[in-house]
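Shown next, in structure tokens, is the structure this report addresses.
The values are calculated or read from the model by the stated rules, or taken from the named source; none is laboratory data. Just so you know, these numbers come straight off a predicted model, no measurement behind them. All Cβ positions, glycine included, derive from the backbone under ideal geometry; neighbour counts span all protein chains shown.
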Amino acid sequence: MEDFEDRVTGLKEQNDVVLLAHNYQRPEVQDVADFLGDSFDLAKRASKVSQQNIVFCGVDFMAESAKILSPGKRVVHPISPPNLVAKCPMAGMVDVEGLESLKREHPDAVVVSYVNTTADVKAISDVCCTSANAVKIVSSLPEEKVIFVPDTNLGLYVKRFVTDKELILWPGYCRTHVWITAEEIEKLKAQHPDAEVIVHPECTPDVIDLADTVGSTQGMVNRVKESDGREFIIGTEKGLVYRLKKENPDKEFYYAERAVCPNMKEITPKNVLRSMETLGPEVVLDEDIIERARMPLEKMVAIGR
Ligand code: 13P
Ligand code: SF4
């Protein structure tokens with residue numbers, strides 16, 4: 001791995017590349033990232049980097065958001081068309097046709113789309129959100145009726161806090177987070193009664209009911225850091241645990257073994273290296289889509305976390 005790290009370091013300099021990576025990336029990829037974060041921080045960071053080239057290690061919608069917020073940069077996604085394997089399945093659960101039809105049914109509703117959507121769905125949305133700011137974004141809207149796509153579980157979580165609005169939810173969900181069951185968390189709690197339970201809001205409501213803290217992946221990292229606790233039960237994709245262990249070697253982590261996002265893991269040292277060398281495959285989006293999808297993303301960044 002040392003060779004991989006050295007080669008990546010050299011190529012960053014040589015090709016003017018910044019390497020951004022999501023918290024669920026493989027350990028080897030996390031270790032070479034210039035910046036590691038949740039989807040909100042990554043989107044924000046992508047709009048501010050000084051390098052001309054961004055190699056984005058995460059699923060496709062994250063790389064697309066980076067391109068939309070930084071259209072003048074070359075954004076490279078190690079797995080891009082025609083391979084199309086590092087796709088977030090939840091982002092594929094809502095399409096333009098379906099959302100347009102829901103908008104026609106509720107013409108007085110504002111559309112909030114989770115960043116886990118395609119660029120063309122963002123382009124017909126009013127504002128985006130991530131798990132870090134969904135409650136804040138929905139609360140900030142003057143409208144009483146909100147179409148929230150595509151994650152039902154995140155929408156149900158928002159509903160716990162925003163009680164004065166009608167939320168119309170889309171039946172999307174994360175295949176990885178639904179593998180984390182309340183039964184499993186209960187079992188881990190029985191084995192480790194002193195552990196603090198921290199989960200992601202893409203988990204189902206019965207899992208969220210068992211949590212001490214609910215947050216985005218970066219929110220989870222921050223909570224572990226600031227907590228006096230020594231043991232934690234983690235309810236999210238397993239990749240986050242690598243970062244938690246690395247940054248908190250004196251703390252213990254228990255988690256659902258099955259919670260792996262195969263799409264995130266499609267990014268490997270091999271394809272990262274190829275992308276650093278060739279500056280491809282490049283994320284290419286229609287100019288018109290970039291223009292229209294930028295507004296809801298910029299609105300989200302302006303409202304903040
Ligand atoms: P975060 O924004 O919390 O990192 O989550 C992204 C995601 O895809 C969770 O499954
Ligand atoms: Fe999509 Fe779930 Fe993977 Fe996140 S963990 S990228 S929501 S499939």
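If the condition is being within 13 Å of ligand 1 (Cβ to nearest atom) and surrounded by 24 or more Cβ atoms within 10 Å (Cβ to Cβ), then the stretch 213-238 contributes SER216, THR217, MET220, ILE234, GLY235, THR236, GLU237.
Exactly one residue out of SER125, SER113 is away from ligand 1 (no atom under 16 Å from the Cβ), in contact with a strand residue (DSSP E or B) (Cβ under 7 Å, 6 or more places away or on another chain), modelled with pLDDT of 95 or more and within 16 Å of SER39 (Cβ to Cβ), and it is SER125. The helices (runs of 4 or more DSSP H) found wholly in the stretch 195-305 and carrying at least 2 residues that are within 25 Å of PHE4 (Cβ to Cβ) occupy 217-226, 239-247, 269-278. Looking across the stretch 258-301, the residues that are more than 22 Å from ALA33 (Cα to Cα) and loosely packed, with under 14 Cβ neighbours inside 10 Å come down to ARG258, VAL284, ASP286, GLU287, ASP288, GLU291. One residue stands out among those in the stretch 138-162 that are assigned to a loop (DSSP other than H, G, I, E, B) and more than 18 Å from the chain's Cα centre (by Cα): the one that is surrounded by the fewest Cβ atoms within 10 Å (Cβ to Cβ), which is PRO142. The single residue among VAL110, VAL94 that is of a type in the set (Val, Ile, Thr) and within 16 Å of ligand 2 (Cβ to nearest atom) turns out to be VAL94.
Here's the yes/no breakdown for (1) touching a residue at least 24 places away in the same chain (Cβ under 8 Å); (2) among the basic types (Lys, Arg); (3) at positive phi:
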residue: ARG26; (1), (2), (3): yes, yes, no
residue: LYS48; (1), (2), (3): no, yes, no
residue: SER65; (1), (2), (3): yes, no, no
residue: ILE68; (1), (2), (3): yes, no, no
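Here's a check for you: in the stretch 163-182, which residue that is buried (at least 18 other Cβ atoms within 10 Å of the Cβ) and among the hydroxyl-bearing types (Ser, Thr, Tyr) is farthest from ligand 1 (Cβ to nearest atom)? Looking at residues that are buried (at least 18 other Cβ atoms within 10 Å of the Cβ) and among the hydroxyl-bearing types (Ser, Thr, Tyr), I get TYR173. Taking the stretch 1-93 and the helices (runs of 4 or more DSSP H) fully enclosed by it, the elements with 1 or more residues that are within 16 Å of ligand 1 (Cβ to nearest atom) and touching a strand residue (DSSP E or B) at 6+ places or on another chain (Cβ under 8 Å) are at 27-32, 39-46, 60-69. Exactly one residue out of ALA46, ALA119, ALA86, ALA66 is away from ligand 2 (no atom under 16 Å from the Cβ) and of a type in the set (A, V, I, L, M): that is ALA46. Here is the figure for the stretch 49-60: residues that are of a type outside the set (Val, Ile, Thr) and within 16 Å of ligand 2 (Cβ to nearest atom) total 4. The one condition from (1) surrounded by fewer than 19 Cβ atoms within 10 Å (Cβ to Cβ); (2) modelled with pLDDT of 95 or more that PHE56 does not meet is (1). Every condition in (1) surrounded by fewer than 17 Cβ atoms within 10 Å (Cβ to Cβ); (2) part of a loop (DSSP other than H, G, I, E, B); (3) in contact (Cβ under 8 Å) with a residue 12 or more places away in the chain; (4) not basic (Lys, Arg) holds for SER131 except the one numbered (1).
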